[in-house]
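This report refers to the structure that appears directly beneath it.
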Amino acid sequence: MTVKYFGDIRPLTGGIKEEEWLHPEPEVRSLLKALGQRRPALGKRLFEGDQLSSTLIVLVNGRSIDYLNGIETPLQPDDIVDVFPVEGGG
Amino acid sequence: MAKVLMIHPDKCTGCQNCMLACSLHHEGQFRMAASRIHVYTWEREGFSVPMMCQQCDTASCMKVCPTSALHRTTGELLVEYDKSKCIGCHMCTIACPFGNIVYDSVSGIPQKCDTCGGDPSCAKACPSQALEWVDDTISVRNRKKSYAAKFKEAFQEE
Amino acid sequence: MNGWSGTILRINLSTGAISRQPSNKNDLALFLGARGLGVKIFTDEVDPRVDPLSPENKLIFAPGPFSGTMAPSAGRYHVVAKSPLTNGIAGANSGGVFGAVMKYAGYDGLIFEGKADKPVYVWINDDKVEIRDAAHLWGKWVPDTTDAVRAETDADASVACIGPAGEKLVLFASIQNEMHRSAGRGGLGAVMGSKNLKAIAFRGTKGVRVADVKGLQDAVFAARAKLAANPIAQGLNRHGTEILVNIHNELGCLPTRNYQDGHFPTADKVGGETLTKDFLVRKKGCFSCVISCGRVTRVKDPKYAGEGEGPEYEAGWGYGPDCGVDNLSAVTKANHLCNELGMDSITAPATIACVIDLAEAGLLPAADFDGLDIRWGNAELMVELTKRIGLRQGIGDKAALGSYRFAELYGHPEYSMSVKKQEIPAYDARGIQGIGLEYATCNRGGCHVKGYTIAVETLGNGMRLDPREIKGKPAVVKAFQDMTAAVDASGGCIFGTFGMVADDFAAMLSALTGIHYSPEDYVRAGERIWNLERQFNLKAGFTAKDDALPERLYKSPIQTGPSKGLVSRVPEMLPEYYSLRGWNEEGVPSPEKLQELQLA
C-alpha cells in the first residue's frame, strides 16, 4: 500500500512525501500505529492517546475515513492512504 | 533582571496590532498618532519594521531636555517622561537620531514608549513574535542596538 | 460615534462636486457597514437596469465598524457597484490597510458618481478632499501608480488604484490597494476605469472611538486565543492558501483543464508545500490580522523572475491545473502580473483555460491564435496571455471580455465554466456538492468565498460533512452565506471565521459600538444583506434559471481519480434552498421574509 504525507506532516517523516508500505495492514488504525512506531515524531502527531488526532484528515483512495469506517476502515494491499493535517482554507 | 523590548523585523508581517494595542492602552481609542510604536512597510519588498524608543544608554533626548522631563532613575533601563516638567520645546524630537520620540498635536506632548509600566501591550498583541519583552542581557542589548543603527540609515523621517 | 466614523463622502466626478452627509444611523445598525452599507446605499440609489460602464453606475467604497480597530483580522473594506461581467450586483472585499485608513480619515463610505471627462485621482487627507489630474499616471501599472501617487500626496498614504486592465475596461479588472491586495472579482476596476478614476489616496489621523474599552479588550483577546488554537488559521500562517492544492487533488476534486477532469497527477509541484520551500520570502498580514496568510514570494527562475505576493490557491489552481500547467514559477509570475496589471486572478486564468479548451477542441481558428502556442500545459502561455489580456492586445482583447463572452463569440458558450458569466473557482462541484450550490446561488455570480462550505466539506474545520452528500447542504450553504455577509459588512476577513463564531463577532461589535448585538442579530444582518442583493439582481433581470452551474458539471462526470463518475446535483438542492431562504419556487423573496428582515 502507498502512504502519502502532506503539509506539516512531511517534516515529521524527514521530508518523505510518499512511500510504499510493504507490510500490508488490515485497517487504518494498525497502519498508522505501524508508521508511528517506525517514526516516533510522526507517531506523536498521529495519535492523541489511543485516538486518531482530531487535527488530521486521512483519506483512503481519496475518501475521508470519516465517511468510511473511521480508524477501523479496512485496507487492501493496493490502497492509497493520504495523511493530511487540518491546515488551510481559501 | 530588567527587561527590554526586542524587535525582530524579519518576523514582522505589517499587521499593526502593536500600534492598535499601544493606542488603546494609552488613550482608550484607536488613533495611530497616539501609538508610541510605528510600523513601516515597503510593499515592493514586502518588508515591515516596527520602531519605538530604544531607551538608549546615552539618550540624546535626555541630554537636550532643559527641564529633565526626560530622565532616568538610576539603575533603571527606562527613559522616563515627566509631563509636569515638560515645557513642549520639542528639542527631544529633534535630538533623537531614530525619530522614536514624536510630538503629537492632539495630546500636546511628545510620545515615546514607556513599556506600559513594565508590561508592554505591543508585545502581547504581536501575533508573530516580532516584538519580545525579554531579559536584558549583554547579547540581547547588542543585537537590539545593531538593528537600531541599521534602521536609522534605512529610513528617513521627513 | 463609537466604532463608526459618522460621515459619508460623495464625489461627483462629472461635476467635481464634493459633499458630505452624516451616516444614516439606522442603516448602520441594520447593515453594519462595508458590504452591507455599500449594498444598501447602492440599491437605494441606482437603477438595476443601469449600464455598468456608464456614468450612471456608482462605485462605493466602505470600511466596516471593525476596520481600524483591534478586532482580529478585521481591517477590510468592500467595494460595491453593478458588475460589467455579470450585470448583477458586484461586491469585492480587500485587505491591506486601506479600509483602516478610510476610517482614520473619518469616513464610513465613499460614493463615486458620474464620470470625469479626463483621468483623475482623488486625494483624501482627513477632511481635505481634492480631485487631481491623473493624465501623467494613466498607463502606469499598479506598483508605479502607487509610488507616483504617494510621491505627490503623502509617502505613507494608502493607495487604491487600477492598472492598465481597469483603464482598458477589461471586464474583470480589479482594484488593487497596497499594490498586492485585491478587490478582485466582478470587474470593479473596469467600473473605476469607466469613470476615468485612476486612484484614490487616503491619509487619516482621526481615531476610532470605543464604547466599552475593557469589554472590547476582553472580547478581542478571547477571539485571538481561539484563532491561535485553530489548526486552519495556523496552517494558513505556515503555508498560505496554496496548501489546498494537494487535499483537493487527492480527493479527486481539483478541476483540471477547464473542468474536463478533477484530478491532476503533478499537482504537488504547484502546491503550498512547494511554494513554501522554493518561493516564500516571508509572511505578510493585513491590518489587525493575527493569521498572516499573505505570502511575499520571489521567483528565482530567470525566465519568470520577479517579486510580489501570492499566488493564492485560486490563482495557483487557475494558472496551474486548470490550464494543465505544473510550473510554479510561471504560475507565480502570472499571478504577480495579475496584481501589477490589476486583474482578477481567478477569472483571468479561468478565461485562459476556456481559450485553451476551445483551441484544443478545434473551435478556435488558427488565425486567431495571435501567434501563440495555445495548448494545455504551456507554462509560457500563462504569462504571455495574461499580459495580452491586461493590455488588451491581440487575442487578449477578446479574452478581456471573460470566458463566457469569449466562448460565445466562437459559438460555444458552454465551454465557459461560469455562473452568471463569472468563472467558478478551484473546487470541483461534481465531487463537493455544497460548494456547487454556493456557486449557483451566490449573488455576485460564480464564487466560493461568500459561502465557503469547503471549510466543513473538505477541510475538517470543526464539523465534518461528507462532500458527496446533498442531504442537509442547503441549510449549511445558507448559514455560511448569511454569516459571511455579516462578517464582510463588519470589515472582517472570512478567514477569521475559521476560529471565531457569531458570538465572538457580536461581542466585539457590541463592545465597540455600544449597541447590543446578539449572535442572532449579527447573522440576521447578513441574511438581510443577502436578500437585498438578491432583490437587486432580480430587478436587473436575473431569474431562477440563472442559479445553475455549467452543463458540463451536470452532464460530464469527472473522468479520472477518486471522484471519477460524479456529477453535480445542484438542481436537487435548489428547491430546499429557496424554501429555507423564505423564497418561492422562482427564488423570489416572499413579502413575509422581506418584512421579517425589515426590507419591506
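Overview of values
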quantity	calculated
Among B:V106, C:G91, C:L599 the positive-end extreme of the charge dipole of the protein assembly as shown (Cβ point charges)	B:V106
Nitroxide proxy distance, nm - points 7 Å out along Cα→Cβ at C:A361 and A:E20	4.1 nm
Among B:V106, B:V39, B:V79: highest mean-square fluctuation, GNM of chain B, C-alpha pairs under 10 Å	B:V106
Three-way shape call for region C:7-203 based on the alpha-carbon gyration tensor, with the a/c threshold at 1.5	rounded
Modelled label reach - C:T15, point 7 Å along Cα→Cβ, region C:53-68 residues with backbone N closer than 17 Å	C:55-59
Inter-probe distance in nm under a simple model that places probes 7 Å from Cα toward Cβ, at C:K303 and B:Y103	5.9 nm
Likely footprinting exposure, B:K3, C:K277, fewest C-beta neighbours within 10 Å first	C:K277, B:K3
Chain C: calculated mean residue ellipticity at 222 nm from DSSP helix runs of at least 4, using -39500 (n - 2.57)	-11500 deg cm²/dmol
About the Cα centre, charge dipole magnitude for chain C (Lys/Arg +1, Asp/Glu -1 at Cβ), debye	700 debye
Total formal charge among the other residues, if their Cβ is under 15 angstrom from that of C:I515, Lys/Arg +1 and Asp/Glu -1	-2
Region C:328-365 and region B:75-100: distance between their alpha carbon centers, rounded to Å	56 Å
Of C:K40/C:K206; C:K168/C:K387; C:K303/C:K387, pairs whose Cα-Cα distance is over 18 Å	C:K40/C:K206
Nearest-0.05 FRET efficiency for C:A211 and A:D66, computed from C-beta distance (R0 45 Å)	0.55
Sites C:D154 and C:D503, calculated FRET efficiency, Cβ-Cβ separation with R0 41 Å, nearest 0.05	0.55
Candidate aspartates and glutamates for bridging to C:K103, where Cα separation is under 13 Å - those fewer than 8 sequence places away on the same chain excluded	C:D126, C:D127
Cα-based reach from C:K25 at 13 Å (exclusive), listing aspartates and glutamates while leaving out same-chain residues under 8 positions away	C:D108
Debye, to nearest 20: dipole size of chain B, +1 on Lys, Arg Cβ, -1 on Asp, Glu Cβ	180 debye
Exposure proxy order (Cβ contacts within 10 Å, fewest to most) of B:D57, C:D322, C:D466	B:D57, C:D466, C:D322
Summed side-chain charge close to C:G285 - residues other than C:G285 whose Cβ falls under 12 Å, Lys, Arg +1, Asp, Glu -1	+4
Over 24 Å between alpha carbons, listed pairs C:K82/C:K421; A:K4/C:K471; A:K17/C:K226; B:K85/C:K214; B:K124/C:K226	A:K4/C:K471; A:K17/C:K226; B:K85/C:K214
Spatially proximal aspartates and glutamates relative to C:K539 (Cα-Cα < 20 Å; intrachain offsets below 8 disregarded)	C:D44, C:E45, C:D47, C:D51, C:E56, C:E527, C:D547, C:E585, C:E586, C:E592
Leading residue at positive end of dipole, region C:433-596 (Cβ point charges), from C:A440, C:N537, C:P519	C:A440
Chain B, helix-only ellipticity at 222 nm - DSSP H runs n ≥ 4, -39,500 (n - 2.57), divided by all residues, nearest 500	-7500 deg cm²/dmol
Assigned charges on the beta-carbon of Lys, Arg, Asp, Glu; the protein assembly as shown dipole about Cα centre (debye)	1480 debye
Restricting region C:359-446 to trypsin sites (Lys or Arg not before Pro) in coil, as DSSP defines it, with at most 15 other Cβ within 10 Å	C:R375
Net charge of Cβ neighbours under 10 Å - reference C:A489; Lys, Arg +1; Asp, Glu -1	+2
Tensor-based shape of chain C (alpha-carbon gyration tensor, a/c under 1.5 rounded, otherwise prolate or oblate)	rounded
Region A:2-85 shape via C-alpha gyration tensor axes, a/c threshold 1.5	rounded
Calculated FRET value between B:Q129 and C:K387, using beta carbons and R₀ = 30 Å, to 0.05	0.15
Cα centroid of region C:464-499 to Cα centroid of region C:1-18, whole Å	32 Å
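Every number in this text was worked out from the coordinates using simple rules, so none of it is lab data. In this text, all values refer to a predicted model and were calculated from it rather than measured experimentally. We place every Cβ from the backbone using ideal geometry, glycine too, and count neighbours over all the protein chains shown.
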